[in-house]
Amino acid sequence: MLRPSIIFMLPMIAADEAAADGAAVNKATTINQSSRSRAARLSFILMLMLLLSTLLGACSSALPRTEDTTRSRWNHFEDALADYNKIIPQQTTTEELKALGYDPYTQPNIRILSYLEVTQRFMPNQSITLDDLDPGISDCVRAKNKCMAYEAHPKRIKSKRVGNAFLDVLTFKRRTIETGWSFDALIVINDGIVVYKVWSGQPIVSGEKIRKNPLGPLQGIDGSTIRNAL
């Protein structure tokens, strides 16, 4: 025969077991809902990739294009070189330079160098002396505050992504074509007269960059992140 205290505890034990069963059911329901949510996200991603594949599969015109331009009066390499060739050391004045596009006060992206910067440019270390320099430069450095230089770097570089837009957007494969030109000119001026000039540049810039990611948008994601998403 059961004691009265045990009989009294039976309803409490039954209640605890019922609560435990309810918690287990709630946990299982939560897990199922989480699994369905992950599956839904994965299905959405796959559907989105399929849609992008259909819309962009062969449409390279949807890819971005950029242009890196240092503004100047010259639209072509030949134009910049033609004006540069009209500059005559020991003869051309700063007023005449203005007509050729070398005027930092009216033309963009032309830098003025002080005589200290000119000295540093042509005498970067103590092993180079004034006697080693072109006479026009050495005289200019000795003139100090009457010495200056104009520096110009006009350029126009176009960058265009080409190829399969679907592979590009999802970063599986990106192919970029670069074209354009660049021109660099340094004009040294002593007391309002050009005494030295030098140029460099690229008449034709043409390059191609190809970047491949076998895993596409998943390339930079670690394994644990992928497992959690699934």
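What follows is calculated from the coordinates using simple rules that are stated; it is not laboratory data. Remember, predicted model here, so these are calculated numbers, not experimental data. Positions of Cβ are backbone-derived with ideal geometry, glycine not excepted, and every protein chain shown enters the neighbour counts.
Of note:
- Förster-model FRET efficiency, 45 Å R0, D191 and D79, C-beta, rounded to 0.05: 0.95
- Over 28 Å (Cα to Cα) - which of K98/K209; K98/K160; K155/K197 fall in this group: K98/K209; K98/K160
- Net charge over other residues, Cβ less than 13 angstrom from the Cβ of D79 (K, R count +1; D, E count -1): +2
- For q = 0.16, 0.18, 0.27 Å⁻¹, Debye-computed log10 I/I(0) when each Cα of the range 71-151 counts as one equal scatterer: -0.71, -0.86, -1.29
- Charge tally around D191: other residues with Cβ under 14 Å, Lys/Arg +1 each, Asp/Glu -1 each, net +1.
- Taking a point 7 Å from the Cα of T94 along the Cα-to-Cβ direction, the residues of the range 128-146 with backbone N closer than 16 Å to it are 140-141, 143-146.
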